[in-house]
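Each value in this text was obtained by applying a stated rule to the coordinates, not by laboratory testing. The model shown is predicted, which means the values in this text are computed figures rather than measured ones. Don't worry about glycine lacking a Cβ; one is built from the backbone with ideal geometry, like all the others, and counts go over all protein chains shown.
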Amino acid sequence: MQRNLVLDSTTSEKYLRVASISIALYDYILTLPAEWRFYRSQSSIFHISLACALFILIRYLSIVTIVVSNYGYFSANFTQEACQRYYLVAPIFKVVQAMVSQVILGVRTWNVSRRDRRIGIALLLLYLCLVSVEWFTDIFDRTPVVIDGNCTPANTDEIFSTTWLFYLAAMLYDIVMVTISTMHLLRYNPLSSSVERLIRVLIYDGVGYFIVLSASNVLNLVLYHTTDFQTQSAGASMGYAVTWIMSQRILIHVREMTEPDVRHLENVVMARPTLSAQKKMLSSLRSQFESKSHSKNSKDAELLPSSPRNGQANDMELGIRVRVERSVVVDYAPADESDRLSLWGTSEAK
């Protein structure tokens, strides 16, 4: 009976690890176009935005974490001496991946709170405190265990096992970040539909991040409280994959929602105005938008009026002819509101 139980637990752990690798690989292939758009939007390879840097870190650090963890488990040629040198590698990458994921959530929360200095200091202190707890609980009292040639770090002491506290600290951090960001997002009074959509996406992403990662953390909490140390790390690989997917989804969705959409201009054909009319038009538009914009880093906005009702007046006063092949709806967000929701310092917005 005991042997059958051990075999069942080992088989379940293999299934969980294979499933996590498959999910991570599928999501990696699925997000390759988004990754390319991230790189293409950067002004220079030597001057990338914070969002792009975090995207690269969480993406490829997670890959290394999954590979290192599962190599130790599926390998069949580890000796006790080799495992002694290797068994802490996976826990170290596990904490580093969690740190990057928590930085993404922390920076997002700070920007949503309109970069309040007191909130920023409180979030930083909470981050440093919980990261210290995560390092200690994930490294302390780990024992290298070699079974059938594979190397697994485990807590063999049932009384003083501390690894489960890692997941408790991670859940506490997620609760605080999601609560603060959601409260601030609900206080926004969007004046345009584009900002309203962005707020809705941020709320859904934050709540979804919390629900999915909490489910993974609860699973690992349960597994690390089992008496069989062979099943303790069964859900760890799934946790790596879920942390990777949900963290990069936050970055991808924010970039897609804040990226200027210029595709609606493809079917708009305009003739070049005369020089005098062009100067008059630019002067009037410049004075109009300078009174509305208070952002130092905003781009120069130059819009052409093309309403069917004033088409003849435009032809007479500006000397231009505008032909619109499909209707275009331009949603203008006030400068002060868009500044508040500038979550990431993207290098393309210059």
Computed FRET value (nearest 0.05) for VAL64 with TRP36, which takes r as the C-beta separation and R₀ as 30 Å: 0.90
Cα convex hull of region 66-191, projected area averaged across orientations, nm²: 9.6
Inter-site label distance for ILE203 and ILE29 at 7 Å from Cα along Cβ, in nm: 3.6
Simple label model, 7 Å out from Cα along Cβ direction - LEU191 to VAL218, nm: 4.2
Two-site FRET efficiency, ILE119 against SER75, from Cβ-Cβ distance with R₀ of 45 Å, rounded to 0.05: 0.50
Estimated distance in nm for a label pair at CYS129 and HIS47, the labels positioned 7 Å out from Cα along Cα-to-Cβ: 4.0
Packing-based exposure ordering (other Cβ within 10 Å, fewest first) of LYS14, LYS94: LYS14, LYS94
